[in-house]
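Note sheet for the following structure.
The values are calculated or read from the model by the stated rules, or taken from the named source; none is laboratory data. It should be emphasised that the depicted structure is a prediction, and the values quoted were computed from it without experimental measurement. Note: ideal-geometry Cβ built from the backbone for every residue, glycine included; neighbour counts use all protein chains shown. These area figures cover heavy atoms from the full protein model, side chains too; ligands, DNA and RNA do not enter into them. Shrake-Rupley method; radii C 1.70, N 1.55, O 1.52, S 1.80 Å.
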Amino acid sequence: MEQMTLFGGLPTQPLAARLRPQTLEEFAGQSQLLGKGKVLRRLIESDQISSMIFWGPPGVGKTTLSRIIANQTKASFIDFSAVTSGIKEIRTVMQQAEDNRFYGMKTIVFVDEIHRFNKAQQDAFLPFVEKGSIILIGATTENPSFEINSALLSRCRVFVLQALKPEELVALLHRALELPQGFGNQQIRITEEMLSMIAVFSNGDARMALSTLEMVVLNGDLDEKGVLTVSAETLEQCTSKKSLLYDRLGEEHYNLISALHKSMRNSDPDASVYWLARMLEAGEDPLYVARRVVRFASEDVGLADSNALTVAVSAYQACHFIGMPECSVHLTEAVVYMSLAPKSNALYMAYENAKKDAVSQLAEPVPLVIRNAPTRLMKELEYGKGYQYAHDTEEKLTTMQCLPDSLSGREYYRPTEQGAEKEWKHRLEKMKEWKEQAAKQAGLDKR
């Protein structure tokens, strides 16, 4: 006997399947490709589809777009799965496409999860794509540059589908609550804040957002009047998250990473670990946190402790290898190390100051003395003339000017007295002193 649903009647399709868009107007997100006048929209509306690859994370509409194309095209549309199909199935489909071509019909072959095909399976498509027997549309969550044969990839146009924005997901959730194929026939009370939390929790995945909404509705509290209320406790249980969920506009996401960064900068290991835990337990991607720690290692520690970068990169690699929850201890080690390390922003300031000059003087030519001269013409034009090879000197230093004339004498890197950077400062001062004395001596010798 089949189990009854909360509202009576037999179970139906999942909410995401019931709300699958049938037209471009119903499609959520990807305005950069499907907005009015955008290239992919024009191709679909004019039925001028060429071989292409849809690349993007799960739940962004790759398969849905293929279904919309199937509804709008005059071509024969064949749906193909890379999970269940082999060489034999490919050849059968290709023969069908050849027969269609004989009768003047186009054939569009959609391959879901095309990255799962091995080289031999992908090669089986190639001759048919080349001679126009089929128009291939592949969907993949993996980088096609690495997962799809270069010969096949060169004959396909790649369209990158992006994770949906929180506001796009919220609009999708509203649609699910309003349409009859969703929950439009029920009275449901759920706050805007909760919808925003579901959107952020779903991390750009429309299918996850709809599945989460369906779960919280099915677990909501139904009163005697037939009104269903979704409580904060229900949302918390269904997402396995507490109030750590980021807020509706994603501001809390940036607030927390800012709190972590500033706590490490302020050499407060306790606060740093706390904010780290807040982020990880809220479901933040550990690799995102690790990337920020890598940045911190050079921006706020730098040469005051050059080992900080090694620790940060090692933590990133550990996160990549084993993921959550095990990698939390590696991130803790890195965060505590950054908090206790001596601090210097000299490298950050050096680049920012150099960037201002670089942007304002992009046309500044490289001094001839430090240009390479691989050809005779370049040598005749005095490329590399007067170049001084530092290794030929006892001090491993020369007085050669490497900056453009307009920037001669400019100082970008100004080391501090913090940690090991104090030693670098002393070394830099000695080198500058030697160059000044050597330049003076060279001037006296010319006299």
Quick check: is even one residue across the stretch 248-267 modelled with pLDDT of 85 or more and outside any helix (DSSP H, G or I)? yes
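Among the residues of the stretch 176-206, write down those that are in a helix (DSSP H, G or I) and either open to solvent by less than 50 Å² (accessible area, probe 1.4 Å) or touching a strand residue (DSSP E or B) at 6+ places or on another chain (Cβ under 7 Å) (or both).
The first filter runs over the stretch 176-206 and keeps only residues in a helix (DSSP H, G or I), leaving 176-178, 192-201, 206.
Passing the criteria: ALA176, LEU177, MET194, LEU195, SER196, MET197, ILE198, ALA199, VAL200, ALA206.
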Would you please list the contacts, defined by Cβ atoms under 7 Å and residues six or more apart or on different chains, that run from a residue in the stretch 400-413 that is open to solvent by 70 Å² or more (accessible area, probe 1.4 Å) to a residue that is of a type in the set (A, V, I, L, M) and not in a helix (DSSP H, G or I)? ARG410/LEU403
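Looking at this structure, is ALA358 within 42 Å of the chain's Cα centre (by Cα), modelled with pLDDT of 85 or more and aliphatic (A, V, I, L, M)? Break it down into steps so the answer makes sense when it comes.
Values: within 42 Å of the chain's Cα centre (by Cα): yes; modelled with pLDDT of 85 or more: yes; aliphatic (A, V, I, L, M): yes.
Answer is yes for this residue.
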Evaluate the following for ARG18: is it under 25 Å from the mean Cα position of the chain (by Cα), closer than 20 Å to ASP205 by Cβ and of a type in the set (Lys, Arg)? no
Being over 46 Å from the mean Cα position of the chain (by Cα) and of a type in the set (Val, Ile, Thr) is the filter here; which residues of the stretch 389-447 pass it? THR393
Would you mention how many residues in the stretch 253-274 are under 23 Å from SER202 (Cα atoms) and open to solvent by 60 Å² or more (accessible area, probe 1.4 Å)? 2
Exception for ILE78 within (1) touching a Gly at 6+ places or on another chain (Cβ under 8 Å); (2) at pLDDT 80 or above; (3) of a type outside the set (Ser, Thr, Tyr) falls at (1)
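Within the stretch 366-381, count every residue that is of a type in the set (S, T, N, Q) and open to solvent by less than 60 Å² (accessible area, probe 1.4 Å).
Residues of the stretch 366-381 of a type in the set (S, T, N, Q): 372, 375.
Restricting the remaining residues to those that are open to solvent by less than 60 Å² (accessible area, probe 1.4 Å) gives none.
Residues that pass the stated criteria total 0.
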When (1) among the acidic types (Asp, Glu); (2) in contact with a Gly (Cβ under 7 Å, 6 or more places away or on another chain); (3) closer than 17 Å to LEU276 by Cβ are applied to ASP300, the one that fails is (2)
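Closer than 15 Å to GLN162 by Cβ and buried (at least 20 other Cβ atoms within 10 Å of the Cβ) - does that describe any residue in the stretch 13-26? Break it down into steps so the answer makes sense when it comes.
Initial filter on the stretch 13-26 (closer than 15 Å to GLN162 by Cβ): none.
For the stretch 13-26, residues closer than 15 Å to GLN162 by Cβ and buried (at least 20 other Cβ atoms within 10 Å of the Cβ): absent.
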Can you pull out the residues in the stretch 286-302 that are aromatic (Phe, Trp, Tyr) and either open to solvent by less than 10 Å² (accessible area, probe 1.4 Å) or at pLDDT 95 or above (or both)? PHE296
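Please return the ranges of helices (runs of 4 or more DSSP H) entirely within the stretch 302-378 where 2 or more residues are free of Cβ contacts under 8 Å to residues at least 24 places away in the same chain and of a type in the set (Ser, Thr, Tyr). Break it down stepwise before answering.
Values: elements: 307-322, 328-340, 346-360.
Those helices (runs of 4 or more DSSP H) span 307-322.
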